[in-house]
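*Asks:* For reference, the structure I am asking about is given below.
The values are calculated or read from the model by the stated rules, or taken from the named source; none is laboratory data. Not measured: the values here are computed from a predicted model. Because the Cβ atoms are built from the backbone with ideal geometry, glycine has one as well, and the counts that use them run over all protein chains shown.
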Amino acid sequence: MADEPNPLSPKSEVGSPPLQDNSENSWRTLLESQNRVITELLKAAQLTPAPSTRPVSAVLPTFNPEAADADAAAWCKTASMISCEHQQEGASLVMTLSKSLLGSASQWLSQICFAGMSWAQFKELFMERYEGNETPAALLLNMLKGRPSPNECLSVYSSRMVTSLLTKWKAMTHEEIAISLVLAHSSQIDSRLQRLVFTTNIKTRAELQQQLKAHSFVRNSEFSGIDMGPEKKRFKMQTPIRCHSCGKLGHKAIECRRRKAEERNETRAGHGNGRSTMMREINCDMF
């Protein structure tokens, strides 16, 4: 009896073809497709530009100290909000500021800039230069004495004043605001209080009362003749005596030589007229 062919034998004509050749072709095809995909990805990565790491420069609002509506505190507040998001320093910060500062502020920037300057350092220099240590009472007094510029309408002028006041009063208490108003108004009644307005930042009611009591005591002492030491002597030197007779400085009317000379001349003229009248009467009696 002849042997039956084995269906699993490699030589068998029945059954699946050999698996070894088909497996090698499929793996080769898969690897080639993967290589093509990787090659395309590398080419695309080389053609795509890398993202820029250069920081975007900030655009600050302009500031011109010669302008009628210039407000250093308001500009500095706005510029600080923008600068906090960019964190510039050194040359990039100076380039940004050079586009923002106009007029004399541009020249001032070239004088104070230095290598590695940060925004905090610039802010301190800027506030010291353009805002100074102006007291709230001094700000009010300057506003009360100020007037709109020739080309400024009343609405713009009032808006600028409101902005300046709100910026100045933002960190102040109600008591400090009331004290500044009272002190500015009082300095218009007595001009000698203006020195206190521009030099002292009064924050409490008790301090205001002490300063006003001291001012009233000095004023009353000047009028009552109390010796105030060097201050009183200096006041006397600054107010020389004027003669009410001749109008010259340095002596009183009772010590005026010109007045005494005129009185002597009038006395002599009076005596001469008396003698002439007496002689005329004697002559008339004789005839």
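*Asks:* Listed residues Ala171, Ala184; which is assigned to a loop (DSSP other than H, G, I, E, B), of a type in the set (Gly, Ala, Ser) and at negative phi? Reasoning before the result, please.
*Replies:* Values: Ala184 fails: assigned to a loop (DSSP other than H, G, I, E, B).
Only one candidate passes the filter, namely Ala171.
*Asks:* Taking the condition modelled with pLDDT under 70 and assigned to a helix (DSSP H, G or I), does Glu263 pass? First the steps, then the outcome.
*Replies:* On the way: modelled with pLDDT under 70: no; assigned to a helix (DSSP H, G or I): yes.
No: the conditions fail for Glu263.
*Asks:* Would you pick out the residues in the stretch 186-198 that are touching a residue at least 24 places away in the same chain (Cβ under 8 Å), surrounded by fewer than 17 Cβ atoms within 10 Å (Cβ to Cβ) and closer than 13 Å to Thr135 by Cα?
*Replies:* Phe198
*Asks:* In the stretch 145-172, what count of residues is obtained for those that are out of contact with any helix residue (DSSP H, G or I) (no Cβ under 6 Å at 6 or more places or on another chain), closer than 23 Å to Ser187 by Cα and in contact (Cβ under 8 Å) with a residue 24 or more places away in the chain?
*Replies:* 3
*Asks:* May I ask you to list the residues in the stretch 112-151 that are within 17 Å of Glu66 (Cβ to Cβ) and in a helix (DSSP H, G or I)?
*Replies:* Selection gives Phe126, Arg129, Tyr130, Glu131, Asn142.
*Asks:* Still on this model: Scan the stretch 170-185 and tell me whether some residue there is modelled with pLDDT under 85, out of contact with any strand residue (DSSP E or B) (no Cβ under 9 Å at 6 or more places or on another chain) and crowded, with 16+ Cβ neighbours inside 10 Å.
*Replies:* no
*Asks:* If you don't mind, another one. So which residues in the stretch 80-90 are of a type outside the set (S, T, N, Q), part of a helix (DSSP H, G or I) and in contact (Cβ under 8 Å) with a residue 24 or more places away in the chain, if there are any at all?
*Replies:* To start, the set of residues in the stretch 80-90 that are of a type outside the set (S, T, N, Q) comprises 81-82, 84-86, 89-90.
Next cut, part of a helix (DSSP H, G or I) only: 81-82.
Selection gives Ile82 alone.
*Asks:* Let me ask something else. Residue check, Leu165 against (1) surrounded by 11 or more Cβ atoms within 10 Å (Cβ to Cβ); (2) farther than 19 Å from Ala73 by Cα, all met but one. Which one?
*Replies:* Here Leu165 meets the rest and fails (2).
*Asks:* State the number of residues belonging to the stretch 152-162 that are surrounded by 11 or more Cβ atoms within 10 Å (Cβ to Cβ) and in a helix (DSSP H, G or I).
*Replies:* 6
*Asks:* Related question: Evaluate the stretch 19-31: report whether one residue or more is at pLDDT below 80 and part of a loop (DSSP other than H, G, I, E, B).
*Replies:* No; the residues of the stretch 19-31 include none that is at pLDDT below 80 and part of a loop (DSSP other than H, G, I, E, B).
*Asks:* So, Ala138, is that one surrounded by 14 or more Cβ atoms within 10 Å (Cβ to Cβ) and touching a Phe, Trp or Tyr at 6+ places or on another chain (Cβ under 9 Å) or not?
*Replies:* yes
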